[in-house]
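Here's the structure we're looking at; comments come further down.
Bear in mind these aren't lab numbers, they're just calculated from the coordinates by the rules spelled out. Keep in mind that this is a model prediction, so the values were computed, not measured. Heads up, the Cβs are rebuilt from the backbone with ideal geometry, glycines too, and the neighbour counts pull from every protein chain shown.
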Amino acid sequence: MAVTVQLPHVGESVVEGTIGKWLKQPGDTVRRYEPLVEIVTDKVTMEVPSPVEGELLRLLAAEGETLPMGAPIAEVGAPGETPGQTPPPAPATAPAQPAPPAPASTTGYLMRDITPVGPTGGAAVEAMEPTQTIAAQPPTPTAPAAPAPAAPPTTPIATTPPNGSPRLSPAVRRLAREHSIDLTLIQGTGLGGRITRNDVLNFLETPLTPTITPTPPPAPAPTPATAPTPTPEAIPGPDEERIPISPIRRMIADAMVRSVTQIPHAWSAKEVDVTGLVALRQSVRADFEKQEGVPLTYLPFVIRALIEALRKFPTLNATWGNDAIILKRRINLGLAVAAPNGLIVPVIHNADRLNLAGLAHAVHDITNRARNNRLRLDDVQGGTFTLNNTGALGSFASGPIINHPQAGIMTTETIQKRPAVRNDAIAIRSIMNICLSFDHRINDGAEASGFLNTIATRLESTTPQTPIH
């Protein structure tokens, strides 16, 4: 019997996934736990294994399609087995026996389906709205209604008081029509609160006062935020080429738009003399790699200085909470990695508890797994601050986009030998720029400058004699 493979639930914060690439095709033999499909989520790219051994009978989702977690995506069964029918989605309420027709005044609920904003690829129930249930009954003959009297050629103003008020005399009605009076504004003095002709005449002689509230203007039409106008498809010109957007690139784009539209970015930079750090690394890198089994890059040194600065300026290790600033007790450092399929930010959890060797191992492990699509879901969750080594790409300065909802992101730029003035003399020094983008709702220039100065001081105090353990 064919087994339906579903999109697995990988965490509470991940509600949907996109079919990135099918690793098997219909007719292929698959072993149990053998990778079947590559799934892209807003957190991580992962491979979904086959739950059983057999033959891939058919695919229920195409590459690039976005589905909710738990949706069927494929069928695996015995070789030659006929694929089964995919059961239709269950209705919101299973109809039992037909209910008797309800009267026209019965209040029911109308379920409205909408397509959520973003690459969800499906409809979701938005709300239940009260509506009137119209009974499906055969028409019954009714007496013809009497024609309505012609309206007088005057401004359509109410000339009758609310329901429950005493009856009006013909003279009062005629007087109200002649002067276009709203009788609901007149307090009757007759028997039982009845409005008399004198009440209308006294109302005409009394000037209007500002206490009378004018009729409010009609409410403006709702903005199209709930139903955005679709962006027209870009049509390439004769000398242009159209490249479809991959699922991971779409998610990167959505994340960048969310960051720059919801976080007010500010930027600062600092020049750092890392001549002593360069000398220290050159003197110990060979022995370190032989002893630890991983290369010694500049990043572990920068991370140690960054951790010291985050402890001193905790509002950089925080998020904006609308009515409060949420400080993070842990330092979970996100490390931006240029993976083959796009930018990804795995996280070194509790980075402040690791020594230099531990940081070197963590950096080596997490970057390798990111570039080989071997990250787990918890590897990309819980980041509190992000570091990006754009200097590895030859960058001199950069203005990074904050990883929402964090409070900041810092880049380390390329190390260059430049002339610098030291002790009133010109010397050739190794210089590196560090650049910080920060959430201006949480921090100002004073905190940003103090943060960068703390990192610079720590790095510039490193010498060839500085112990690394």
Item checked: Low-density loop cleavage sites - trypsin sites (Lys or Arg not before Pro) in segment 325-390, where at most 10 other Cβ are within 10 Å (DSSP) -> 329
Check: Can you give the convex hull volume of the alpha carbon atoms of segment 388-469 per residue, in Å³?
Finding: 137 Å³
Next item on the list: Determine the sum of side-chain charges near residue 311: Lys and Arg each +1, Asp and Glu each -1, restricted to other residues whose C-beta is under 15 angstrom from that of residue 311.
Entry: +4
Checklist line | Computed Kirkwood radius, in angstrom, where 1/r is averaged over Cα pairs of segment 26-65 | finding: 11.1 Å
Next item on the list: Any chance you could list P(r) for segment 241-298, counting all Cα-Cα pairs in 10 angstrom bins from zero, rounded to whole %?
Entry: 16, 21, 16, 29, 18, 0
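According to the square roots a ≥ b ≥ c of the eigenvalues of the Cα gyration tensor, what is the shape class of segment 318-454, taking rounded for a/c under 1.5, prolate for a/b larger than b/c otherwise, and oblate for the remainder? All intermediate terms of the calculation are to be shown ahead of the outcome.
On the way: a/c = 1.93, a/b = 1.25, b/c = 1.54.
Oblate, since a/c reaches 1.5 and b/c is not below a/b.
For segment 226-327, state which trypsin sites (Lys or Arg not before Pro) are in a DSSP loop and have at most 10 other beta carbons lying within 10 Å of their beta carbon.
242
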Notebook entry, point to check: Relative contact order for segment 346-405 using alpha-carbon pairs under 8 Å, separation at least 6, rounded to a whole percent?
Noted result: 40 percent
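Sorted by mean Cβ packing within 10 Å, highest first, what order do the peptides 413-425, 51-63 take? Numbers along the way, then the final one.
Details: 413-425: 11.9, 51-63: 16.9.
Top of the packing list down: 51-63, 413-425.
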Check: Using bins 5 angstrom wide from zero, how does P(r) for segment 1-62 break down, in % of all Cα pairs?
Finding: 4, 18, 30, 25, 14, 7, 2
